[in-house]
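Note sheet for the following structure.
The values are calculated or read from the model by the stated rules, or taken from the named source; none is laboratory data. Keep in mind the model is a prediction, meaning the values are calculated, not measured. Every residue, glycine among them, receives a Cβ derived from its backbone with ideal geometry; neighbour counts consider all protein chains shown. Note: accessible area is taken over every heavy atom of the protein model, side chains too, but ligands, DNA and RNA are not part of it. Shrake-Rupley method; radii C 1.70, N 1.55, O 1.52, S 1.80 Å.
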Amino acid sequence: MTRSRGLFGTTGLFALLFAWAAAPLYAQAPRAVNFLATHYDVSAALDTIGQSLSATAKIEFKATEASSNVSVELHPNLVVKEVKGPEGRPLSFERDKQNPLFVNVQLLTPIATGGNVALTFTYAGLLFNEENSPVTGVRVASINKDGAYLLLPARWFPLTDYPSDRYTATFRLNVPANFAVAGSGKAAAPTPLPEKNTVEGPRVLYTFECNRPAQHGTFVAGNLQLNPKQAEGISVNVYAPRNMSANAQDFASDVARATVT
C-alpha cells in the first residue's frame with residue numbers, strides 16, 4: 001500500500017520556504033484574540049500584468065469572548081475597500097496605527113462568547129516584492145507574467161491568531177488560462193471563464209475544497225506539469241515547470257526520504 005504526498009516542484013519556492021522558516025515575523029505585542037476564523041470562502045483574481053491581486057473573502061468567526069471588535073491580519077499592501085456584516089450592511093474598519101499588519105473591524109452589536117458572525121472583506125493590492133512583507137525581507141507572495149505564489153505567511157487573505165488558528169475553507173483562484181494551480185485542499189477541474197479583453201486573454205477558475213480544519217492557504221501557479229512518481233513506497237505528485245519536469249523523480253525522492261525518516 002502506498003501513501004500519497006504532493007509537492008510544488010519549483011526550486012524558487014523551495015528556497016523561499018526555507019527563507020521564511022529562518023526569517024523573523026513582524027514584531028508583535030501580545031494582544032487579545034476576540035474572534036477566531038472557523039471557515040473561509042475566498043475568491044481571488046490574479047492580475048499577472050499588473051502584478052496584483054483582487055479578492056473577496058467571506059469569513060465565519062467564533063467569539064472567544066464577548067466583543068464587538070474583530071481584528072484580522074492582512075498583508076499591508078492589500079487595501080481593504082469594504083467590509084460587510086451578515087446582513088450586507090457596511091461596517092467601519094481601519095488599519096491598526098501601531099502595526100499595519102492588522103485590520104480592525106467594528107461590529108454593529110457585540111457578539112456573546114461562543115457566538116458566531118460572518119463578515120465579507122473586499123480588498124486588492126500589489127504583490128510583487130518584499131516591500132511591507134509580513135516576513136521581514138522575504139517575498140512570501142509574488143504575482144508576475146511567468147507565475148505566482150501565495151504563501152500563507154503572506155496573509156494574502158485575512159487571518160486570525162496566526163499561526164495557531166485552524167479552519168476549513170474554499171478557495172477560488174482566477175488565473176490566466178496557461179497557468180496551472182496547485183496548493184491547499186482538493187482541487188476540482190479548472191473551469192474556463194469568459195474572456196474580458198484581449199490584453200488579459202482567456203482565464204480559468206481553480207476551486208480548492210479544504211474540509212478538515214488546518215492551516216490552509218498556500219498556492220503556486222504557473223506553467224506547471226503534474227508528474228506522478230513513486231519513491232520509497234510513497235506516491236508523490238510533483239508539480240514542476242515543464243522545463244524542470246526531468247527532475248521530478250529527484251524531487252519525489254527527496255520528499256519520500258523526508259517522509260520515511
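Quick rundown of the values:
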{"quantity": "Amide H partners (placed H, <5 Å) of Glu65, local residues excluded", "calculated": "Gly114"}
{"quantity": "Of the GluC sites (Glu not before Pro) in segment 44-114, those whose Cβ has at most 10 other Cβ within 10 Å and which sit in DSSP loop", "calculated": "Glu87"}
{"quantity": "Tensor-based shape of segment 136-210 (alpha-carbon gyration tensor, a/c under 1.5 rounded, otherwise prolate or oblate)", "calculated": "oblate"}
{"quantity": "Normalised per residue, the volume of the convex hull around the Cα set of segment 58-159 (Å³)", "calculated": "107 Å³"}
{"quantity": "Residues whose placed amide H lies under 5 Å from that of Leu127, excluding near-sequence neighbours", "calculated": "Ser52, Leu53, Ile143"}
{"quantity": "Amide H contacts of Asn223 (H built 1.01 Å from N, under 5 Å, at least 5 apart or other chain)", "calculated": "Ala180"}
{"quantity": "Order of exposure, largest accessible area first, which applies to Ile111, Ile49, Ile234 with probe 1.4 Å", "calculated": "Ile49, Ile111, Ile234"}
{"quantity": "Ellipsoid semi-axes in whole angstrom, largest first, where each is sqrt(5λ) of the Cα gyration tensor of segment 35-222", "calculated": "28, 18, 16"}
{"quantity": "Restraint check, Lys58/Lys186; Lys84/Lys145; Lys84/Lys186; Lys58/Lys81; Lys81/Lys186, Cα-Cα greater than 25 Å", "calculated": "Lys84/Lys145; Lys84/Lys186; Lys81/Lys186"}
